[in-house]
1. Around Leu141, which amide H atoms from residues at least 5 apart in sequence, or from another chain, sit under 5 Å from its own amide H, with H modelled in the peptide plane?
2. Quick check on my link table: of Lys188/Lys522; Lys188/Lys319; Lys209/Lys256; Lys319/Lys522, which ones sit more than 26 Å apart, alpha carbon to alpha carbon?
3. If the only charges are +1 at each Lys and Arg Cβ and -1 at each Asp and Glu Cβ, what is the size of the charge dipole of the stretch 143-195 around the Cα centre, to the nearest 20 debye?
4. Among all the aspartates and glutamates, which ones have a C-alpha under 20 Å from Lys249's C-alpha, if same-chain residues fewer than 8 places away are not counted?
5. Arrange the following residues from fewest to most other Cβ atoms within 10 Å of their Cβ: Met86, Met499.
6. For the pair Leu364 and Glu406, how long in nm is the line joining their label points, each one 7 Å along Cα→Cβ?
7. Return Cys521, Cys322 ranked ascending by Cβ neighbour count within 10 Å, so the fewest neighbours appear first.
8. If each of Ile185 and Asn426 carries a label point 7 Å out from its Cα toward its Cβ, how far apart are those two points in nm?
Amino acid sequence: MKKKILFPVLILMMVIMACNFSVGNVAETAVPTTVVAPVENTPVEVKPTDTEVPKSGAVDNIDDVQGAVFQIVGTGTINDVDQGEMLNAEWGGTGFFIDSSGIGVTNNHVVAGAALLKAYVNGEDSPRNIRVLGTSECADLAVVQVTGSDFPYLEWYDSTVKTGLDVYAAGFPLVEPEYNLTKGIVSKTNADGQTYWSSLSYIYGHDAKINGGNSGGPLVTTEGKVVGINYMSRATVDQQFAIPADLAKPIVNELKDKKNVASLGMDGQAIVFGPNGEYPGIWVQSISTGGIADKAGIKPGDIIHEVENILVATDGTMKEYCDILRSHEDTDPLKVTIYRYGTDEILEGTLNSGEIKATGYAGLADYSYDDSSSTTTTTGTNEPFRVEEFDEYSDWWTYFLAYGNEDYADIYFDGGRLKFDLTDPNSDTYAYLMYNEYYYEDVFIHAIAENRGKNSNSVSLICRYDEVKGWYEVNIGSDGLYNIYRFDGSLDSGDGYKMLTSGGSNNIHQGKDFNEYTLSCKGNTLTLWINGVQTNSVKDNSFKEGLIGIGVSSYGVVPINVEFESVEIGQP
């Protein structure tokens with residue numbers, strides 16, 4: 001999952017995944033031919049000569065890929081949606097050359113906002129400087145120029161990518177200086193590319209292991225050809241994702257000519273802000289000096305709320321925002337409305353036509369973006385809309401296992417909390433607790449839960465549950481990765497879960513900490529919030545009413561220890 005793991009100059013705070021590409025042009029020179037007439041009119045015997053086919057200077061085997069891959073270290077100011085403003089933050093990533101002159105490609109989120117970029121090439125102790133040539137925040141790509149020449153470089157894979165293709169992920173995970181290479185296969189060729197920080201029509205899934213710091217590094221074949229650019233992973237389900245080479249190539253060709261593509265010169269992410277979700281938009285994490293956003297006066301920590309009078313990020317992704325940018329040239333004027341979180345101001349203006357100006361206040365000055373400290377009270381009665389604080393056992397709730405062994409699943413009330421202990425090391429366990437008193441059509445479930453284990457787990461919220469027809473379910477992992485499912489099969493067959501959408505959120509509080517999860521089921525729309533931030537929304541018409549519930553899942557990693565502080569049932 002994409003996130004900058006930042007750290008001050010002396011102390012590591014954040015690592016992001018990063019990558020670099022280089023594309024070059026080979027000049028061809030025509031050599032004139034001189035014709036000499038023979039002195040005598042006699043046949044001239046022309047002897048065949050060996051003609052050498054020019055060889056590409058590109059890497060042609062997996063062993064030589066290392067020389068074309070380099071580590072990137074950036075330093076700058078970041079306004080992180082969770083951590084706030086961080087000065088002199090430092091982060092790392094990966095890049096690779098696509099031209100011997102030092103042109104390379106990396107993710108936009110690696111270079112955006114960096115006051116200083118350094119490249120460590122082929123094990124060198126001394127860094128080389130990097131200059132950014134062009135960026136695309138929507139494709140999460142950037143092209144850079146590394147000082148120097150005569151670099152080994154990589155070429156694009158030009159054959160059809162099929163599932164099962166052997167691939168290798170090359171890079172520098174965890175900001176460590178040692179080159180890393182992992183092997184896997186392409187597992188998906190048409191995965192969903194709409195995320196909270198980029199917008200791509202599709203992406204590749206693979207199982208060559210990557211971590212923070214690999215982002216932007218190449219995914220290559222045995223012959224060293226670039227299949228894609230690594231930019232995201234989902235650790236709990238061991239899934240890795242790469243930007244396809246055929247999507248990247250035309251964008252890279254524009255970026256290397258110093259032309260930005262679908263970019264305001266920033267790094268941002270889609271969020272929905274406000275106690276009632278009044279301000280969806282793009283949270284600006286960092287700004288590139290001299291870019292469109294910088295010239296307009298947009299600052300890190302601002303939320304781009306409207307573009308051309310259209311609300312953006314309403315579905316928790318960058319799609320709406322990027323669709324607008326892609327339909328305009330980078331010099332076109334664009335109307336914007338900005339919410340400035342630090343001052344509660346509303347600012348308006350036109351990009352490429354002067355600076356934005358304050359026009360009023362939003363009235364959210366007392367609203368905290370992180371509302372994990374909010375409290376609830378219980379009605380103490382069996383009502384359709386209420387707060388359950390689990391002070392004692394109640395037969396209003398019904399427990400069942402979808403998968404797993406009852407002998408290894410313990411669910412009990414203790415000290416005003418509902419506790420799930422799952423300990424089966426040999427099987428996935430899905431444990432559920434349903435509120436069996438009322439059927440609901442439109443409802444929200446708000447749960448406050450704490451992970452007490454040292455493991456990966458998934459907390460579930462369920463609505464419109466019917467033991468015959470099925471239900472809707474959202475699973476949120478302790479690492480912020482989530483899935484929204486429709487279950488419409490048989491528990492006995494084990495094939496009833498149909499994924500409606502998935503993604504990741506960096507609003508999760510990792511480790512032993514409380515998180516607040518909310519699932520709204522209203523009409524045909526399912527919406528997920530994580531710690532007060534709208535994370536994703538999806539539509540489905542399968543179920544109209546049913547019970548609500550909660551659950552905890554393990555994925556063969558135990559022990560799972562999750563404690564629910566309270567569950568609120570309300571009207572959306």
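Values in this text are rule-based calculations from the coordinates and carry no lab data. Bear in mind that the values here come from a model prediction, so they are computed numbers and not experimental data. Please note: Cβ atoms are built from the backbone with ideal geometry, for glycine as well, and neighbour counts cover all protein chains shown.
1. Those qualifying (amide H under 5 Å, at least 5 residues apart or on another chain) are Asn108, Ser136.
2. Distance filter (> 26 Å) returns Lys188/Lys522; Lys209/Lys256.
3. 240 debye
4. Lys249 reaches Asp60, Asp99, Glu137, Asp140, Glu155, Asp158, Asp192, Glu223, Asp257, Asp323, Glu329, Asp330.
5. Met499, Met86
6. 4.8 nm
7. Sorted ascending by nearby Cβ count, the order is Cys322, Cys521.
8. The answer from the label model is 2.8 nm.
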